[in-house]
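I have placed the structure first, in the form of structure tokens, so that the comments after it can refer back to it.
The values are calculated or read from the model by the stated rules, or taken from the named source; none is laboratory data. Everything numeric here is computed off the predicted structure, so don't read it as measured data. Cβ: placed from backbone, ideal geometry, glycine included. Neighbour counts: every protein chain shown. Just the protein is used for accessible areas: all its heavy atoms, side chains included, with ligands, DNA and RNA removed. Shrake-Rupley method; radii C 1.70, N 1.55, O 1.52, S 1.80 Å.
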Amino acid sequence: MTFTVTKAGVDELWATLVSRVAAGDRFAGLFAAYRPRPGTETGLVLSAQLAVKGGIDTLEVALPPGTASYPALTPHLGAAFWYERVIHDQFGVIPDGHPRLAPLILPGSPEDHALPRHVAGYGLFTISHGPVRSGVMESIEYLIETPGEAIPHLNMRVFYKHRGIEQRFEGMTAAGGVLLAERAEGIASVAHALAYCHAVERIAACVPPVRAALVRVLHAELERIANHLDVAAKLADAAGLAVAAARFAVHKERVLRLVSGLCGSRFGRGVVVPGGVSAMPRLSPGAILSELGRLEKAIDSDADSLMSTSSFLDRLRTTGPLSPARALEHGAVGPIGKAAGFSDDARRNRPYDAYPSLGTLPGHAYDDGDALARLQVRWDEADQSFHLLRQVADELAEQAGADELLSVPCDPPGGRATGWAEAPQGEVLYDVTIEGGQISRCQPRSASFHNLVLMHEVFAGDILTDFPFIEASFGLSFAGVAL
Amino acid sequence: MSLWVLRGLRDGVVTTRWPKRPDAYADGWRGPAVVRDPDPADTAGLSDLCPTNAIAVSQGGRRGRVRLDQGRCILCGWCVGARPDVFAWSAGAAGPRASALTRDRLVVPDVSETDETLAAVRASLRERTAALRRSVHIRHVDAGSDGSDEWEILALLGPVYDIHRLGIFFTPSPRHADILLVTGAGATGMAGPLRTTYDGMPDPKVVVAAGTDAVSGGLLGRSDITLGGISDVVPVDVWLPGSPPSPFGILSALLLAVGRLGDGREQA
């Protein structure tokens, strides 16, 4: 966990980044902010983040005040493609040499509503799918260029859901910020709250009590199971397996009801606070264990059936493949990366809360990178979650009656740090700066944002009817993309 | 495939009987905050307790000095935690009190309209929905939600809530829709598509604002990026707080919209 400010120019920083990524570090993000610098005017500062074993390294370069453009990183490191478009949207500074500097998170000009054509040929047309789509879905617009069946090119407009989360953080207190973090990406509320709180706790140099760390893992893993069941239900639904979809929906509902039984919110909101947790679970460890046992048995049985239903597997196998080389190059996080042989799980490589003290099951390695592998990764993760949850419940039972401390004071006056957590979609990052007891800059980066851009590239040979499978197998939330 | 048919029978009926019969999960639900004591001795700092400014302290009146706007409540529990003598959680997710027919009725403990105003609102709604009580089609639009609201709406399609048993269906086409169910804080990017969807629906139509975000913008409020709820874009008929609202709350709001559930806030 280092924090480096480059005195040299942007080019040198990019060269460092490229060589470190080549050496095995993972590119985790690129952000910009106006930051005061000692001895000079406030100017735009570019911060690149690299995930390394044990932490997140931040490498910064200050652009001279009044800079209108800088040499783009994207030509050297493709994973920066969307990050530099966001910086352009937010600050107007132009990354020179960026391959496609269209607005990403801000609505473009009305002329942009003309349907773009990137592929030329006889009979090609563009299907504009969204932002209001069939079914109950989050808003996004897919522009699918197709001759009728194959999908030679896909484009996405994600700006419809831009809500100004980053701006809203500014001026909030450390305690208030967690409420917004929970609502940045609602289906991963706990993971966002954790990543945010880890950043704040790192600034304040405080460590949550043991019992709080256990309760955090309890909620984070239940959230993971609910998300993976949601993906399974959507995949089954896409394949027309009505009974399977209904059964996974029932299991998911039972998980959400268990969560609401623990804390009153079906999404675990209000549990994680800077410095610890707000309350102990309302259910006893014994009650949690018995419900977990029933759930695991029911889920396992249906998952086994699903994974031996050949009409279902046929639709997933070789669908939406992401090559291991691309996953590695992009630093794909979460199940999408794991399915393509690239695993950088924050719980293992940068452990937090109670994870270091909990035992894990040996994992399987996958490198097919298709929708089937992504689902297999999710089932493995769900098994792992149940394994962790049982240990957490046992530990909580042992801790019962011990010191009642649930949180430590955590209200830092100022500082800056990065926090992370492994959401069901993959790693969530929060770069938090606090000045005078208030948040002056908070940059959340969801796994959904980092991974969604990969959907451009996975339609090799797949046709329109594969689209719902690919989208469901990604399992992302668009609320976390345009923030 | 026959395997799945047998599996479907495995757990028997898991569907709730609500609204015909009470449901324990719905009744045990923790809803938006309410005011327990509208006239506490000490009102210092009360209005600063709420991160969305839902609490107002006035000079006083017949119904006390403290008001809470449930349309802004994001259920963080800060007020209940700090002043349990003044604030409490409301109990129960389902039923007539879960949502309201006018925005003002979400402010507790107060009703600013006269009963005649509400009667007019109700009559107008009844006129529009009389023909579609037992066959209702919904078009959902996400106008900048955090994603959790969609999960709760999707839950209605699962076996536990099974909205189809009530004659309510979701439709992809606004041309076939009677109810527009909107979630999200009113992101400016979605204002155009939301309005287009509304305009594409045939009359008569009803709009449900589902969730505190859709009602007031919630924590995001009104800014140059979010519109502070959806009511600037489409006329809202039913206001449902919750962050996110529970499936029972959404079900209640939909039944209220088509006149199959009274507005319990009349007696408030």
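Summary of computed values
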| quantity | calculated |
| --- | --- |
| Relative contact order (percent, whole number), region B:66-165, Cα cutoff 8 Å, 6+ residue spacing | 21 percent |
| Total lysine pairs under 22 Å (Cα atoms) in the protein assembly as shown, excluding pairs fewer than 8 apart on one chain | 6 |
| Solvent exposure, largest accessible area first (probe 1.4 Å, DNA, RNA and ligands not counted), of A:Thr360, B:Thr197 | A:Thr360, B:Thr197 |
| Scattering profile of region B:147-268 at q = 0.09, 0.16 Å⁻¹ [log10 I(q)/I(0), Debye over alpha-carbon scatterers] | -0.24, -0.77 |
| Spin-label model distance (nm) - B:Ala44 vs A:Ser19, 7 Å beyond Cα toward Cβ | 6.2 nm |
| Accessible solvent surface per residue of chain B, calculated while the other protein chains remain in place, 1.4 angstrom probe, Å² | 40 Å² |
| Distribution of pairwise C-alpha distances over region A:42-111, 10 Å bins, in % | 18, 48, 27, 6, 1 |
| Rounded, prolate or oblate (a/c below 1.5 giving rounded, otherwise prolate when a/b exceeds b/c) for region A:391-461 by Cα gyration tensor | oblate |
| Most positive-pole-ward Cα, A:Ser440, A:His456, A:Gly414, against dipole of region A:372-460 from beta carbon charges | A:His456 |
| Average partner coverage of B:7-14, which counts Cβ from other chains inside 10 Å | 3 |
| CD proxy at 222 nm, helix term only [per DSSP H run n ≥ 4: -39500 (n - 2.57); per residue of the protein assembly as shown; nearest 500] | -11000 deg cm²/dmol |
| Probe 1.4 Å - accessible area at A:Tyr366, Å² to nearest ten | 50 Å² |
| Stretch gain in nm, segment B:Ser173-B:Ser135, where the contour uses 0.36 nm per residue and the Cα spacing is subtracted | 12.1 nm |
| Within region A:291-331: backbone nitrogen closer than 16 Å to the A:Ile127 label point (7 Å, Cα to C-beta) | A:320 |
| Förster radius 51 Å - calculated FRET efficiency between B:Lys20 and A:Glu12 (Cβ-Cβ, nearest 0.05) | 0.10 |
| Rg/Rh for chain B, where both radii come from Cα atoms and Rh is the Kirkwood radius | 0.99 |
| Alpha-carbon Rg with Dmax, taken over region B:26-91, Å | 11.3, 36 |
| Nearest-0.05 FRET efficiency for B:Asp27 and B:Arg126, computed from C-beta distance (R0 25 Å) | 0.35 |
| Solvent accessible area, Å² - A:Met137, 1.4 Å probe, full protein context | 80 Å² |
| Cut-off 18 Å (backbone N to label point 7 Å along Cα→Cβ of A:Glu170), residues of region A:11-38 | A:31-37 |
| Candidates B:Ala253, B:Ala155, B:Ala93: whichever shows maximal mean-square fluctuation once chain B is modelled as a Gaussian network with Cα springs under 10 Å | B:Ala155 |
| Three-way shape call for the protein assembly as shown based on the alpha-carbon gyration tensor, with the a/c threshold at 1.5 | rounded |
| Contour excess over end-to-end distance, with Cα ends at A:Ser301 and A:Ala120 and 0.36 nm allotted per residue | 60.3 nm |
| Heavy-atom accessible surface of region B:26-91: percent carbon and sulfur, 1.4 Å | 46 percent |
| Carbon + sulfur, % of accessible area of region A:310-433 - ligands and nucleic acids excluded, 1.4 Å | 53 percent |
| Centroid-to-centroid separation of region B:64-83 and region A:245-268 [C-alpha atoms, Å] | 26 Å |
| Pair A:Thr67, A:Glu404: separation of 7 Å Cα→Cβ label points (nm) | 5.4 nm |
| HN-Hα J in Hz across region B:138-143 - Karplus 6.51, -1.76, 1.60, θ = phi - 60°, x for Gly and Pro | 10, 10, 9, 10, 8, 9 |
| Unit charges at the beta carbon, dipole of region B:96-257: most positive-side option, B:His140, B:Ile168, B:Gly186 | B:Ile168 |
| Convex hull of region B:53-171 built on C-alpha atoms - directionally averaged projected area, nm² | 10.0 nm² |
